[in-house]
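Have a look at the structure below before the remarks.
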Amino acid sequence: YTWTGSSWECADGYIGSVTRSCYPNETEWAYPTCTAVATLSGCELITNCGPPTLTDAEACAIDISACDSVAPGQSCEMSCVYPWEGTSTQAYCPTGNTDANGLVLNKTLPTCTVIQDECDAVEVEVLPAAYTKLLSGWACATSYTGDAEKSCVANTDSCELEPVLSGCSQVVPCEYSTDDCRYDIYNCLKVQPGDSCEIGCKAPYSGTPTTAVCSSTNNDPDGLNLIEGLPTCGVVGCSDPDPVPDGYVQTVSGWGCAENYTDAGLGVVKTCVVAESGSCTSVATLSGCIKVEPCAALSNEGSCWLDVSACTEVLAGGSCAIPCRDGWLGTAGSASCPSGNTDTSTELTTSLPTCYCEDPDPVPAGYEWDKDAREWVCEEGYAGSAVKSCVAGTNCTTSPVLSGCNVPVPCEVATWDDAGSTKNSLKGTLRFGPAKVGDKINEDEVLSYKVYFADADCVVFGDPIATVSKSSSSMSCCKTDLYNVPLSVSVVLGATRLLIVALTSRGIAPDGGILDMEDIFGAFQDQVRFTFTISNLNYAAVTAKALLTYNLEVAIKKAVAEEAANDVSPSHIDLELTAGSIVVNVIIKPPYPIVAEDVQYKLASNPSALSVALRTAVRSVEGLLTMDGVDPDLVTIASLSRPVLVQDSGDSVGTSAAR
């Protein structure tokens, strides 16, 4: 190590990275004299690379003298020593080497072989028995086989060449043995080279013998070549089985199947096989008879209307009846098990009955029975094809279901295209799409469309205001403006909507597309409002009874409609009941084109008559005055406000001047 004045570095001849560490001075490791000493590490001495390590044989053939001490960054050459020959290779010592064994081979050590002429010149002093010298080389001696070859190796003590002969081995007989008692191998126990032998079958077996050969140059005791393989040896005969196995019976004509067994027409086969004891004796086995079994039980899963109770264990060749279950109608079917069946999983061959249910009662809307055709058809105004299905319910009860008939209704009614409508007249274009039957666009049975004025219950007023022929275009989607119908008509009294119905080959459809007047005129319809209180009634007790509340509202609406006159009906009246005894908020929406001012004037001009009518209506509600805690004499109409006119702007007008 050397100090540069500012840091420690490795001295000349050394390499590495200096590390300075402080450790306690163990010789003075006692308080208060303990001190620390500095230790330097990290520098290693740069050294030459030594020669590579060789085996004894390599040391004789390779010259590595040039690599005994190679300076760092230098290289050396290694070559073959005479009488060896081969290509030289290089090695080098890495720059900054610190390992004496750090020499690196560029490839490998030289591969050195003996010069053939030099090897030929070396005489064999002691001739092995397996070899003989020829004028032009070497050969295997008599009773030996192979390819004789002379080579030379180095004496590791003197590095002189020594001859070595190889490639010849003793010719020996072929031997064969086996523990399998089927084969007679006596003639093949020992076969001389160049000879052959036969392997036959031992009793009680028989079969065609096969030939095996021992090569004339065989040098392996196990070298017998079974060129034809081992013979196929079979048992030639055996006595009848004793005892007779189940399923078989012996007759004068031979072996057959016992009762409840079958050979499927193939017959019984007696086979002689080797006894399992391994003694090479034969025993008889019988095959071909299989026990006859019933077929698998018939299941009615997914078809609960079938009564399969008689088909749980049908014997081979047998059959069973399959009637319709109680509650279902139909002629019984049957099932059969094939004759001679031997598989318990075999399914029965069935001829199932057609089970059906009674007709629905009552008949659902859209369907009717055609007495002449004796089938269900779609009712007048409906489209489609009627289908009767029997649906299995709980415990396989049957429920008849009719499907397939639907009302053809325009798939959608588009927004009204106005051209100057007033409160008393419509002027604009009605637009709607093709008929939808069920969930599909289908106009196959539509002849035309008719447009009517109708009330809130879709009851039409008079004749149609327009008739539209069916489009010649075939549509598969809902084109909302496929039909455009220009209208310029006066509004019929009481009408609240336009109704578009299809005329089908079976008549006029019972339902149709709707366009409410409010969607045409907007929310300008004037209203008449007033409130009153039904005193001495408990709001919570009354509204807790839905039917009682409904009857009360119906009675009030009828009374108001009769007092309002002007073709106002209960359907034009809305009520809001709130607490405080019972506060009733009445909203009257006169039908188009009734003038709301006339209704307001009629009610406001005679409040006494209105109050009496309301009180009479309330007292007429069955069960109201007999409720617990209700004194009938105290149930009156109080706080009756003056009916006011609420115009489309939301302003209220309540004086007679409003007319």
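The values are calculated or read from the model by the stated rules, or taken from the named source; none is laboratory data. All values derive from a computational prediction rather than experimental measurement. We place every Cβ from the backbone using ideal geometry, glycine too, and count neighbours over all the protein chains shown. Only protein heavy atoms, including side chains, enter the accessible area calculation; ligands, DNA and RNA are left aside. Shrake-Rupley method; radii C 1.70, N 1.55, O 1.52, S 1.80 Å.
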Fill in the blank from the handout: Among the residues of the range 236-250, the number that are assigned to a strand (DSSP E or B) and open to solvent by 70 Å² or more (accessible area, probe 1.4 Å) is 1
Completion exercise
Expected output for the range 162-184 (first residue more than 29 Å from Leu127 (Cβ to Cβ), partner surrounded by fewer than 17 Cβ atoms within 10 Å (Cβ to Cβ) and at pLDDT below 90, Cβ below 6 Å, 6+ apart or cross-chain) is Cys181/Cys280; Asp184/Lys202
Handout entry: Residue under evaluation Glu576, criteria (1) within 29 Å of Val459 (Cα to Cα); (2) touching a residue at least 12 places away in the same chain (Cβ under 8 Å); (3) among the charged types (D, E, K, R), criterion not met
Key = (2)
Fill in the blank from the handout: Considering residues that are of a type in the set (Ser, Thr, Tyr), within 30 Å of His572 (Cα to Cα) and open to solvent by less than 20 Å² (accessible area, probe 1.4 Å), the number found within the range 434-455 is 1
Exercise for the section: Looking only at the range 545-568, decide whether some residue is over 55 Å from the mean Cα position of the chain (by Cα), over 18 Å from Leu645 (Cβ atoms) and among the β-branched types (Val, Ile, Thr). Expected result: yes
Exercise for the section: Collect the residues in the range 364-389 that are without any contact (Cβ under 8 Å) to a residue 60 or more places away in the chain, open to solvent by 70 Å² or more (accessible area, probe 1.4 Å) and assigned to a loop (DSSP other than H, G, I, E, B), keeping them in residue-number order. Expected result: Lys371, Asp372, Arg374
Problem - Hey, Ser351 among the hydroxyl-bearing types (Ser, Thr, Tyr) and either open to solvent by less than 30 Å² (accessible area, probe 1.4 Å) or modelled with pLDDT of 90 or more (or both) or not - result: yes
Practice task
Please enumerate the residues belonging to the range 472-494 that are crowded, with 21+ Cβ neighbours inside 10 Å and assigned to a strand (DSSP E or B).
Solution key: Tyr483
Handout entry: Flag for Asn585 being touching a helix residue (DSSP H, G or I) at 6+ places or on another chain (Cβ under 7 Å), more than 20 Å from Cys458 (Cβ to Cβ) and either open to solvent by less than 50 Å² (accessible area, probe 1.4 Å) or in contact (Cβ under 8 Å) with a residue 12 or more places away in the chain (or both)
Key = no
Practice task
Kindly establish whether Glu123 is loosely packed, with under 15 Cβ neighbours inside 10 Å, at pLDDT 90 or above, over 30 Å from Asp68 (Cα atoms) and of a type in the set (D, E, K, R).
Solution key: no
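Just to check your reading of the model, which residue among Phe532, Phe461, Phe453 is hydrophobic (A, V, I, L, M, F, W, C), part of a strand (DSSP E or B) and under 30 Å from Ala579 (Cβ atoms)?
Phe532
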Exercise for the section: State yes or no: is Gly42 at positive phi, at pLDDT 90 or above, open to solvent by less than 60 Å² (accessible area, probe 1.4 Å) and not in a loop (DSSP other than H, G, I, E, B)? Expected result: yes
Problem - Hits in the range 188-206 - residues which are closer than 28 Å to Val236 by Cα and among the polar types (S, T, N, Q) - result: Ser196, Ser206
Practice task
Pairs only if they're at least six apart or on different chains, beta carbon under 8 angstrom, first in the range 319-335 and part of a loop (DSSP other than H, G, I, E, B) and modelled with pLDDT under 90, second hydroxyl-bearing (Ser, Thr, Tyr) and open to solvent by less than 70 Å² (accessible area, probe 1.4 Å); list them, first residue then second.
Solution key: Gly327/Thr398; Trp328/Thr398
